[in-house]
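Okay, so here's the structure we're looking at.
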Amino acid sequence: MSVDLSRVSGARRVSFPHMGNYSIPVKTLAAELDCEIVEPPRMTRRTLELGARHSPEFVCIPFKYNLGNYIEALEAGANLLIQAGGGCRFGYYGEVQEAILRDLGYEFGMVRLVGGFSVREHYRDFKAVNPRLNVRRALQAYRVAIRQTRALDRVEDHVRRNVAFEAEEGAHDRVHAAFLAELDGTRDLRGIAALEERTLGELAAIPAERPRDLLRVGVVGELYVLMEPFSNHFVERELAKRGVEVHRFVTVSAMIDHAGRKKHAYLDRMIEHADPYLRYHIGADGTESVAMTHKLMREGFDGVLHLKPFGCMPEVNAMSALQRLSREHTFPVLFISYDAQTSETGLRTRLDAFCDMLRMSKDRRTGAGADDAPAALASQGGR
Amino acid sequence: MRKGYLGVDIGSISTKAVVVDAAGEVLARSYLWTEGNPVRAVKAVLAELEEQLDGEDVEVVAVGTTGSARELTGAVLGAQVVKNEITAHAVGTLSRHPDVQTIFEIGGQDSKIIIVRDGVPVDYAMNTLCAAGTGSFLSSQARRLGVPVEEFGERALRSKRPTKIAGRCTVFAESDLVHKAQIGHPLEDIIAGLCNAIVGNYLNNVGKGKEVLAPIVFQGGVSKNVGVVRAFREATGHDVYVDDDGHLMGALGVAIVARDDGEEAPFSFDVRDVAFETVGEECGGCPNECEVVLVLRERAFLDGWGNRCERGLTRVREHLGVAEGARAGGSVAGR
């Protein structure tokens, strides 16, 4: 049993950690608990400071953000916390965080969704909290949450690929913000589909100036730092500011697609993509990082950013394979580790240099400025 | 009259500057300690450059800045180009050594490796976690051993049997070094051991996973240390070339980028006499508490950074009662 309600007194107020904009579908699911939902405050530096202060120094950074979210949610009146689990240290987050928060003196209950993406096990856990829940209602909530997730991922994918080239700064962000506001609360399948279609139409209509020789960069690595922009210091946006078309393949939609029975076939496919750099699965998202990088290289991408929390074992495993791939094919891969001490300046310097490097190689290949590499740098606004 | 292009590289330890002509020839050069005051250091190098250019008919028409104080100095000088130090070093080195394949660079507080193929940088890495093996570590150890850092290299060359020093971490390297001295290892051997440790640490961390091919150019302040140069030669099995102007490559590179940028505006050395100051405070507009820094020129707002959102600059400027002023030339704004 992974639900402990003995310490919840009075009306239940449920909360959960943030990850990107997925709080919208998570709220749809949490609504099935028939209790008030306390969304944790927006991520700020305070979230990280609180989380880091009360976490073990060497635990990976998603743990610290989650803990910060919990503390800020508890301060805002939550008394029932949800945590999931996964195939690395993430599997122990719930237990350790619960112990830390109890030591800090908070009174709350904890729901640990231990079944990965198993709807059956989630239902059992949810039912333990809310006996009035029935299978039909739960399944419907799942359908809606999944549909919201897909709409969210499609819209954000479009923004990632296009925001760098918008003619008027902020145009994509405005449509995106309006979409989020409306998606939050749209809980019927048809309504979500219509919203998605309309939003994608509005995004496609934004005037853009796409250069012919634009840079395309894929972002791979550990899923939390990929999907929570605050934790990666908005690295996708920083790339876009430097005129890059950004692609990312790790999303909750993709995780749903590859969960359950499809998981093993998917991993086998990833091993095939990763060949000859990997022959065995290396844990969590590591195999995927290598496989996707190899795939993107063959598809003619200009480079890859590999993101991980400092000390993330599966991604550390992936790094040696990625370094070999990068060396053998002269394919640029920039490795970035995040922890609570990450310096914004250092990150910017590295991104600047990485984008300059991609630009110089590209111009060399396409013949532009071939006899005078530095001229190519000047053309992108001096930085 | 000839056109000149000014490049300034303001590092943690030293400030370097050059003026080049349209062909990339160095017309004037300067190299001074930053001493924790980048604005004063920049004014000092400007004075030196102006003196060297005295009598020559050169007008500076574009300015580029690089190094860790590039934003601040970029604002002060109204630079056309503010460029990261990795690109600047690659461009500078390539202008002198077009056939280079590997650039080792060890500066005061950081170290980097740049891999070049066919005249284009294709990969790089910077030290991320620790300053072990950088210039500031060397100079603090030199002080501990009572040897002027300038003599360090010569002393290392005299050693026949370098001591093994654990170079993984600054703190442990230091205690290992003290221990080796206490049990009687000769000073020369310890110094040579330190040079080896720096090279081992560099190749295992910064250079990890990179294919080091000759020709290799080694630059940055530490390249002046012949002991470290010898250790690099032994460890890589290749000749390692050190340019006499190796410490100026960042400044040279950013001068070239400024030249090729195309944007020109007359630059006056009189900027030396203008009063610049910086003020800063935490914004306080939200829990992010961004540490915002404002650069003031003659007490009026010139530029600022550290803010995560647009409101930050205005908020801090108004709170500190700083007058709105003209922002510096184009490229500096907005970061």
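The values are calculated or read from the model by the stated rules, or taken from the named source; none is laboratory data. Just so it is clear, the model here is predicted, and its values are computed rather than measured. Heads up, the Cβs are rebuilt from the backbone with ideal geometry, glycines too, and the neighbour counts pull from every protein chain shown. Accessible surface is based on the protein model in full, side chains and every heavy atom, while ligands, DNA and RNA are left aside. Shrake-Rupley method; radii C 1.70, N 1.55, O 1.52, S 1.80 Å.
Each peptide in A:214-223, A:78-87, A:64-73, B:272-281 receives the mean, over its residues, of other Cβ atoms within 10 Å, and ordering these scores from highest gives A:64-73, A:214-223, A:78-87, B:272-281.
Annotation: the antiparallel percentage among DSSP beta bridges lying fully within region A:3-133 is about 20. When you work out D = kT/(6 pi eta Rh) for region B:98-242 at 20 °C and 1.002 mPa s, using the Kirkwood radius from C-alpha pairs as Rh and the Stokes-Einstein form, the result is 142 µm²/s.
About its Cα centre, the dipole of region B:276-329 is roughly 160 debye, where the only charges are +1 on Lys and Arg Cβ and -1 on Asp and Glu Cβ. For region A:126-267, the share of accessible area belonging to carbon and sulfur comes to 54 percent (1.4 Å probe, ligands and nucleic acids excluded). Inter-chain Cβ neighbour count for A:354-367, averaged per residue, equals 4 (cutoff 10 Å, partner chain atoms only). Projected over all directions and averaged, the alpha-carbon convex hull of region A:8-70 occupies 4.9 nm². The packing ranking of peptides A:148-158, A:125-135, A:43-53, highest mean first, is A:148-158, A:43-53, A:125-135, where packing means the average number of other beta carbon atoms within 10 angstrom of each residue. Taken over the protein assembly as shown, the convex hull of the Cα atoms encloses 177 Å³ per residue. Only aspartates and glutamates eight or more places from A:LYS262 in sequence, or on another chain, were considered; those with a Cα closer than 16 Å are A:GLU272, A:ASP285, A:GLU288. Can you find, among A:TYR22, A:GLY109, A:GLY85, the residue sitting farthest towards the positive end of the charge dipole of region A:3-133, where Lys and Arg contribute +1 and Asp and Glu -1 at Cβ? My answer, from the dipole projection, is A:TYR22.
A straight line joining the Cα centroids of region A:76-110 and region B:1-76 runs 55 Å.
Note on region B:33-77: dipole from Cβ charges, positive end direction compared against B:THR73, B:VAL63, B:LEU53; the farthest Cα belongs to B:THR73.
Shown here is the pair-distance distribution of region A:3-133: with all Cα-Cα distances grouped in 5 Å bins from zero up to the longest one, the shares run 2, 11, 21, 26, 22, 13, 4, 1, 0 percent. Here the label points at A:PHE249 and B:GLU282, each 7 Å from Cα along the C-beta direction, are separated by 4.3 nm in the simple model. Think of region B:180-324 as having a plus end and a minus end, set by charges on the Cβ of Lys, Arg, Asp and Glu; of B:LEU187, B:PHE232, B:GLY306, B:LEU187 sits farthest toward the positive end of this dipole. When each of the peptides A:198-204, B:22-28 is scored by the mean number of other C-beta atoms lying within 10 Å of its residues, the order from highest to lowest reads A:198-204, B:22-28. When the solvent-accessible area of chain B is split by element, carbon and sulfur atoms take up 49 percent of it, the probe being 1.4 Å. Using only side-chain charges placed at the Cβ, +1 for Lys and Arg and -1 for Asp and Glu, the dipole size of the protein assembly as shown relative to its Cα centre rounds to 2760 debye. For peptide B:79-86, the mean count of partner chain Cβ atoms within 10 Å of a residue's Cβ comes to 5.
Against the empirical curve 2.2 N^0.38 Å, the C-alpha radius of gyration of region B:228-335 lands at a ratio of 1.59. Quick check: the distance between the Cα centres of region A:147-186 and region B:272-330, to the nearest angstrom? Using only Cα atoms to place each centre, the spacing works out to 32 Å.
Surface listing: A:TYR224, A:TYR123 arranged by accessible area from highest to lowest gives A:TYR123, A:TYR224, probe 1.4 Å. Rolling a 1.4 Å probe over the protein chains gives A:HIS281 an accessible area of about 90 Å². Rounded to the nearest whole Hz, the Karplus-based 3J(HN,Hα) values (6.51 cos²θ - 1.76 cosθ + 1.60, θ = phi - 60°) of region A:147-153 follow the sequence 5, 4, 4, 5, 4, 4, 5, with x at glycine and proline. Lys-Lys pairs in chain B that are eight or more residues apart or on separate chains and whose Cα atoms lie under 28 Å of each other come to 28. Per residue of B:253-260, other chain Cβ atoms within 10 Å of the residue Cβ number 4 on average. Chain A packed on chain B takes about 3200 Å² of accessible surface away from a 1.4 Å probe, both sides summed.
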